[in-house]
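The values are calculated or read from the model by the stated rules, or taken from the named source; none is laboratory data. Computed from a prediction, not measured in an experiment: that's the story for all the values here. Virtual Cβ from ideal backbone geometry, glycine too; neighbours counted across all protein chains shown.
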Amino acid sequence: MKNIFIFNRVPSNVRNNASFILLLISFFLLYLGVTEPMLAMRAELLGNELFNFKRSILGATEQLYKDGFYLVAFLIFFFSIMIPVLKGIVVLWVFGFGTSNQKRKAHNFVFAIGRWSMADVFAVGVFIGYLAGQAATQIDSVLHPGFYYFTGYCLVSLLSLQVKSKL
């Protein structure tokens, strides 16, 4: 994957430093995006409240697990939390350790598992849920800060990999 063209003219040490800082920011955004409430939904029919919830990603995963939806809870946890964390750890390792060949392999591994990270898909799914809630008169939906943090993580982590110089 080619770097964004404006970064091709910047010296590699500056790009690597910027990429490292963006990676740290992405970890922070991921933490907030996973732990802060992401979406609140409330439904009412004929004056009776059908449901009312506000959940973070971790909270939703925990609730799915408690309700017996083990596979769904695992899939959300694995693809939206564990793979992004693994990607970030491998990229941190690339910055500080290993030979050039090991770094190249690690970098290729990150791009390979990046296809399986569903963080961006999850963020879009939450937004679609929000829009669906807005379209129905009986459902009230509100996006909370966790959604914006998580979406920020998706964008900043992609930018971090784009800014990084070639190994």
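For the structure I just gave you, tell me whether Ala112 is more than 21 Å from Gln162 (Cα to Cα), loosely packed, with under 14 Cβ neighbours inside 10 Å and at pLDDT below 80.
Values: more than 21 Å from Gln162 (Cα to Cα): no; loosely packed, with under 14 Cβ neighbours inside 10 Å: yes; at pLDDT below 80: yes.
No, not satisfied.
Residue-by-condition table, conditions (1) in contact with a helix residue (DSSP H, G or I) (Cβ under 6 Å, 6 or more places away or on another chain); (2) closer than 29 Å to Leu143 by Cβ; (3) modelled with pLDDT of 85 or more; (4) not in a strand (DSSP E or B):
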{"position": "Asn17", "(1), (2), (3), (4)": "no, no, no, yes"}
{"position": "Leu29", "(1), (2), (3), (4)": "yes, yes, yes, yes"}
{"position": "Phe51", "(1), (2), (3), (4)": "no, yes, no, no"}
{"position": "Ala60", "(1), (2), (3), (4)": "no, yes, yes, yes"}
{"position": "Ala73", "(1), (2), (3), (4)": "yes, yes, yes, yes"}
{"position": "Phe95", "(1), (2), (3), (4)": "yes, no, no, yes"}
{"position": "Lys103", "(1), (2), (3), (4)": "yes, no, no, yes"}
